[in-house]
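Take a look at the structure below.
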Amino acid sequence: VCSSDLVPEGAHSSAGSTAAVVDVGAEVAQLLVKTGALSPEQLRYAERVRAKLQTERSLLRTLIELDLIDETRIRGVLRASRVRLPFGSVLVELGYLTSHDLSVALGFQKQDPQTPLGEILVRHGLAQEKDVFGLLADLLGIPQITQDVTGVDLALVRKVTARVCRANAFVPLK
């Protein structure tokens, strides 16, 4: 994963613009409208409902809770579009993380700037590994591969040395 493919929190790098704060929910919602996954009327309805809520709720969570779109469709549009958005903010919009937890994780990242945000979130128990890396794969437009270790052919594993596996970054499965 190339960290240059992700936008730092609080910044957005559109062509020809300087860093500016991004409303990730609004940007993703507009992308959903643009791709036809959501109608402009549905978006306006969700925005009206959200404005009347007593508790703070992200726009994407509001759209999902109103059954106007599901998370699978949102993530499919993100995967297909490869739009550059702040990773942590997308996690918050989809409900995997609270704003407070994102702030805490960014604080940890300031202390250890070489560590990717996703790794910090998982290490500190702020988010689930499958959610973090699944969304990261979607934002980067790459397939997410999960391996069921029960599918490993032990006879095949015994034919290859650990040194060869490490040198070539692979594990023989079947």
Item checked: Hits in the stretch 22-41 - residues which are in a helix (DSSP H, G or I), within 25 Å of R84 (Cβ to Cβ) and open to solvent by 20 Å² or more (accessible area, probe 1.4 Å) -> A26, E27, Q30, L31, V33, K34, P40
Next item on the list: Answer with yes or no whether L173 is farther than 26 Å from T72 by Cβ, open to solvent by 40 Å² or more (accessible area, probe 1.4 Å), in contact with an Asp or Glu (Cβ under 8 Å, 6 or more places away or on another chain) and assigned to a helix (DSSP H, G or I).
Entry: no
Check: Which pairs have Cβ atoms under 6 Å, sit 6 or more apart or on different chains, and link a residue in the stretch 32-56 that is within 12 Å of L68 (Cα to Cα) to one that is among the basic types (K, R)?
Finding: A37/R73
Next item on the list: State which residue is surrounded by the fewest Cβ atoms within 10 Å (Cβ to Cβ) when the search covers only the stretch 62-82 and only residues that are touching a residue at least 12 places away in the same chain (Cβ under 8 Å) and of a type in the set (S, T, N, Q).
Entry: S81
Notebook entry, point to check: Looking at the stretch 84-126, which of its residues are outside any helix (DSSP H, G or I) and open to solvent by 20 Å² or more (accessible area, probe 1.4 Å)?
Noted result: R84, G95, Y96, T98, D112, P113, Q114, P116, H124, G125, L126
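Do we find a residue being aliphatic (A, V, I, L, M), over 30 Å from E47 (Cβ atoms), crowded, with 16+ Cβ neighbours inside 10 Å and modelled with pLDDT under 95 anywhere in the stretch 127-150? Lay out the reasoning, then the answer.
Restricting attention to the stretch 127-150, the residues satisfying the condition of being aliphatic (A, V, I, L, M) are 127, 132, 135-137, 139-140, 142, 145, 149.
Of the ones still in play, those that are also over 30 Å from E47 (Cβ atoms) are 142, 145, 149.
Narrowing the set further to residues that are crowded, with 16+ Cβ neighbours inside 10 Å leaves none.
No, the stretch 127-150 has no match at all.
The values are calculated or read from the model by the stated rules, or taken from the named source; none is laboratory data. Note that the structure is a prediction, hence the values are computed from the model and not measured. Reconstructed Cβ throughout: ideal geometry from the backbone, glycine too, with neighbour counts over all protein chains shown. To get the accessible areas, we keep the full protein, side chains included, count just its heavy atoms, and leave off ligands, DNA and RNA. Shrake-Rupley method; radii C 1.70, N 1.55, O 1.52, S 1.80 Å.
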